[in-house]
């Protein structure tokens with residue numbers, strides 16, 4: 001049997017290996033603890049620069065920050081490794097305190113502070129260095145004004161439609177711009193640009209806008225703010241249509257549609273409006289004409305009046321109209337047969353007028369056939385109840401046997417009549 005050496009015995013001892021493990025663990029713990037507690041530095045680049053007290057600066061001093069030399073800095077932090085390792089770049093800010101600023105101008109070599117989020121344990125953390133150590137920025141006087149919103153249309157309109165760019169509407173119609181006085185002075189208007197092709201209906205949309213100067217050039221103003229980000233834009237698009245002019249006629253004194261010849265100058269006009277309204281308009285009536293009011297020819301100028309919300313695109317406000325009657329002739333006759341009717345009860349009527357000269361109109365082949373004996377006048381006295389004395393009563397002229405003939409200006413004739421008590425009436 002082979003004898004065990006002392007080293008063999010030591011290698012097989014469990015107690016010994018337990019002791020060795022404990023010693024090694026302790027040494028590792030000591031090493032790690034030393035490393036975690038010794039000072040450690042870490043540099044954070046692109047730390048954002050922020051301003052403290054901007055609202056107070058604007059309200060109390062009427063000033064705003066307009067320019068700054070840098071928007072980020074580099075910060076080196078020192079402390080125990082375990083504490084520094086917890087810090088992220090988003091936990092750090094370079095803060096410029098504006099509470100001491102009282103006048104406009106450029107502030108150079110201005111000291112800033114490095115601040116950490118509240119979650120960072122700052123008891124063992126120090127700022128070892130910062131680059132750069134100071135910053136520069138400019139403040140200007142704060143100003144504001146309201147500018148008008150205007151629009152521009154870049155595109156095309158479908159055939160038969162019209163875009164009313166001059167009637168473009170905005171909500172709101174003005175925008176409040178605020179910021180540095182020098183930049184606000186450059187702003188003239190807020191411009192909305194609509195870019196569409198072949199549009200055939202009204203556009204209503206929320207859109208962004210650009211601030212422009214008096215020459216219409218877009219401005220790049222980083223320090224200017226506005227009260228709204230978008231405006232509601234309405235661009236009316238209407239349908240355009242060509243329609244003829246017309247004149248409504250009231251027939252009489254022998255006229256029919258075949259006798260009437262009308263000429264218009266202009267013959268037609270262009271109108272525009274809502275599609276649902278315009279599609280129902282097939283003509284524009286200038287009014288009405290009673291054909292018994294003239295003999296053979298009527299010439300007059302009529303105003304062109306359109307329905308509400310319809311636009312006269314031709315821009316012509318009146319039309320000349322000529323109405324000529326063909327195939328008809330006129331003659332002057334004296335009516336001697338004058339008959340009072342509807343004489344009030346208990347009265348008699350005596351006609352003082354001996355004859356009434358009237359103008360008649362009839363087809364050319366009939367006019368010479370009609371004689372004075374074919375005409376008679378009727379005086380309707382139904383409205384003269386309990387009246388006594390001499391009156392002028394309207395005379396209605398009738399023509400017997402010629403239904404295609406009529407009287408010119410039928411309401412323009414009258415006769416003198418005396419109404420008096422009937423001596424034969426029973427009392």
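A few comments on the model shown:
- Among residues of segment 225-254, those that are loosely packed, with under 14 Cβ neighbours inside 10 Å and in contact with a helix residue (DSSP H, G or I) (Cβ under 8 Å, 6 or more places away or on another chain), counted: 1
- Residues in segment 92-121 that are surrounded by 14 or more Cβ atoms within 10 Å (Cβ to Cβ) and within 49 Å of the chain's Cα centre (by Cα): 93, 94, 95, 96, 98, 101, 104, 107.
- Conditions (1) at pLDDT below 75; (2) out of contact with any strand residue (DSSP E or B) (no Cβ under 9 Å at 6 or more places or on another chain): number failed by residue 60: (1)
- Scanning segment 54-74 for residues that are assigned to a helix (DSSP H, G or I) and touching a residue at least 12 places away in the same chain (Cβ under 8 Å) yields a count of 5.
- Total residues in segment 188-210, condition surrounded by 13 or more Cβ atoms within 10 Å (Cβ to Cβ) and either outside the structural domain of residue 168 (by TED's automatic domain parsing) or under 15 Å from residue 172 (Cα atoms) (or both): 8
- Applying the condition of being surrounded by 15 or more Cβ atoms within 10 Å (Cβ to Cβ) and touching a strand residue (DSSP E or B) at 6+ places or on another chain (Cβ under 7 Å) to segment 280-294 and asking which residue is nearest to residue 324 (Cα to Cα) yields 291.
- Note on segment 398-425: among residues that are closer than 24 Å to residue 349 by Cα and within 60 Å of the chain's Cα centre (by Cα), the one that is surrounded by the fewest Cβ atoms within 10 Å (Cβ to Cβ) is 411.
- Check on residue 277, surrounded by 14 or more Cβ atoms within 10 Å (Cβ to Cβ) and either outside any helix (DSSP H, G or I) or in the same structural domain as residue 408 (by TED's automatic domain parsing) (or both): no
- Within segment 145-180, the set of residues being under 30 Å from residue 59 (Cβ atoms) and crowded, with 17+ Cβ neighbours inside 10 Å comprises 147, 149, 175, 177, 178, 179, 180.
- Selection from segment 396-427 of residues that are within 22 Å of residue 259 (Cα to Cα), touching a residue at least 40 places away in the same chain (Cβ under 8 Å) and part of a loop (DSSP other than H, G, I, E, B): 402, 404, 405, 408, 409, 410
- Residue match in segment 32-46 (condition: part of a loop (DSSP other than H, G, I, E, B), at pLDDT below 90 and within 30 Å of residue 129 (Cβ to Cβ)): yes
- Residues considered: 159, 171. Of these, the only one that is assigned by TED's automatic domain parsing to the domain that holds residue 220 and without any contact (Cβ under 8 Å) to a residue 12 or more places away in the chain is 159.
- Enumeration of residues in segment 379-395 that are assigned to a loop (DSSP other than H, G, I, E, B) and either surrounded by 18 or more Cβ atoms within 10 Å (Cβ to Cβ) or in contact with a helix residue (DSSP H, G or I) (Cβ under 9 Å, 6 or more places away or on another chain) (or both): 381, 384
Yes or no, residue by residue, for (1) part of a strand (DSSP E or B); (2) in contact with a strand residue (DSSP E or B) (Cβ under 9 Å, 6 or more places away or on another chain); (3) touching a residue at least 12 places away in the same chain (Cβ under 8 Å):
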| residue | (1), (2), (3) |
| --- | --- |
| 186 | no, yes, yes |
| 191 | yes, yes, yes |
| 194 | yes, yes, yes |
| 222 | no, yes, no |
| 234 | yes, yes, yes |
| 238 | yes, yes, yes |
| 241 | yes, yes, yes |
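- In segment 243-262, the residue that is farthest from residue 199 (Cα to Cα) out of those that are free of Cβ contacts under 8 Å to residues at least 60 places away in the same chain and assigned to a strand (DSSP E or B) is 250.
- Per this entry, residue 272 is not counted among residues that are exposed (fewer than 12 other Cβ atoms within 10 Å of the Cβ), in contact with a strand residue (DSSP E or B) (Cβ under 9 Å, 6 or more places away or on another chain) and assigned by TED's automatic domain parsing to the domain that holds residue 321.
- Residue match in segment 284-301 (condition: within 23 Å of residue 168 (Cα to Cα) and either outside any loop (DSSP other than H, G, I, E, B) or in contact (Cβ under 8 Å) with a residue 12 or more places away in the chain (or both)): no
- Of all residues making up segment 75-110, the number that are closer than 23 Å to residue 64 by Cα and either without any contact (Cβ under 8 Å) to a residue 24 or more places away in the chain or not assigned by TED's automatic domain parsing to the domain that holds residue 65 (or both): 1
- Any hit, segment 341-355, residues being within 21 Å of residue 290 (Cβ to Cβ) and either assigned by TED's automatic domain parsing to the domain that holds residue 262 or not in a strand (DSSP E or B) (or both): no
The values are calculated or read from the model by the stated rules, or taken from the named source; none is laboratory data. The shown structure was predicted, so the numbers you read here are calculated from the model rather than taken from an experiment. Heads up, the Cβs are rebuilt from the backbone with ideal geometry, glycines too, and the neighbour counts pull from every protein chain shown.
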